[in-house]
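J.: Let me give you the structure first, and then I'll get to my questions.
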Amino acid sequence: MTALPSIYGLFDKDGLLRYVGKANNPAQRLKGHIRDSLKKNTPLYAWMRKHGVPEMRVLEANCVDWKEAERRLIREARERGDKLLNVADGGDQPFCPVEVRRENGRKSIARFLNGTNTKGEDSREALIRDTYNWVRMFAKTRGLPALLERIEQKMRDRFAEDPRSYKAWRTV
């Protein structure tokens, strides 16, 4: 029999709670966070790159209803005024709140139109690649293969029209 999930907190060097998450194996999850911080750009991972590896503490172990526990602990931390790096409210939310998605979209479009990217990559290529990966994940998690096929067909059509401008789509 396996243990039930635990809710953990990541704490900064001053002992302040900065993130609440769920893990079946908290030690492995911390290793995953460390690995992901080198590749992904979320508020948590940007913070980890700047401040180093946080301290992990199990807040509640063996949670029967881990979704409720995670939501409650995030809500309580926010009510206390903790400066959490959680984007979602917890409880198995795969996507950011609508407001955050809209703002991220506006920022991505602005970077795309301005041709700027903090990583020094061609921002158009990076945005196209990131958007395509997000659409694939969205279509798979929502069970919408027809949506993915329509988008991929549009990408193939644009590449056929102008291969130089849409070079990132050559593999679609």
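None of the figures in this text is laboratory data; all of them are computed from the coordinates on show. Computed from a prediction, not measured in an experiment: that's the story for all the values here. Because the Cβ atoms are built from the backbone with ideal geometry, glycine has one as well, and the counts that use them run over all protein chains shown.
J.: Multiplying the sequence separation of Arg78 and Asp14 by 0.36 nm and subtracting their Cα-Cα distance, what value in nm do you get?
T.: Numbers: separation 64, 0.36 × 64 = 23.04 nm, distance 1.76 nm.
Here the segment from Arg78 to Asp14 would lengthen by 21.3 nm.
J.: Next question. When the Karplus curve 6.51 cos²θ - 1.76 cosθ + 1.60 is applied with θ = phi - 60°, which whole-Hz ³J(HN,Hα) does each residue of the stretch 6-11 get, with x for Gly and Pro?
T.: Each residue's phi maps through the Karplus curve to give 10, 9, 10, x, 9, 10 Hz.
J.: Something else: Taking the Cβ-Cβ separation of Arg170 and Glu149 as r and a Förster radius of 30 Å, what is the calculated FRET efficiency to the nearest 0.05?
T.: Between Arg170 and Glu149 the formula returns 0.95.
J.: Sequence-distant or interchain residues sharing an amide H contact under 5 Å with Arg18, placed H: which?
T.: Leu10, Phe11, Asp12
J.: Report the net charge of residues surrounding Pro26, where surrounding means a beta-carbon distance below 12 angstrom and charges are Lys +1, Arg +1, Asp -1, Glu -1.
T.: Working: positive: Lys22, Arg29, Lys31, Arg57; negative: Glu55, Glu60.
In short, +2.
J.: Would you mind working out the magnitude of the charge dipole of the stretch 31-84 relative to its Cα centre, with +1 at each Lys and Arg C-beta and -1 at each Asp and Glu C-beta, to the nearest 20 Debye? Let's see the in-between values first.
T.: Working: 14 positive and 9 negative charges, 78 e Å.
For this selection, approximately 380 debye.
J.: Give me the net charge of Asp82's neighbourhood, meaning all other residues with Cβ under 10 Å from the Cβ of Asp82; Lys, Arg count +1, Asp, Glu -1. Don't skip to the end; give the middle numbers.
T.: Details: positive: Arg18, Arg78, Arg80, Lys83; negative: Glu76, Glu79.
Value of the local net charge: +2.
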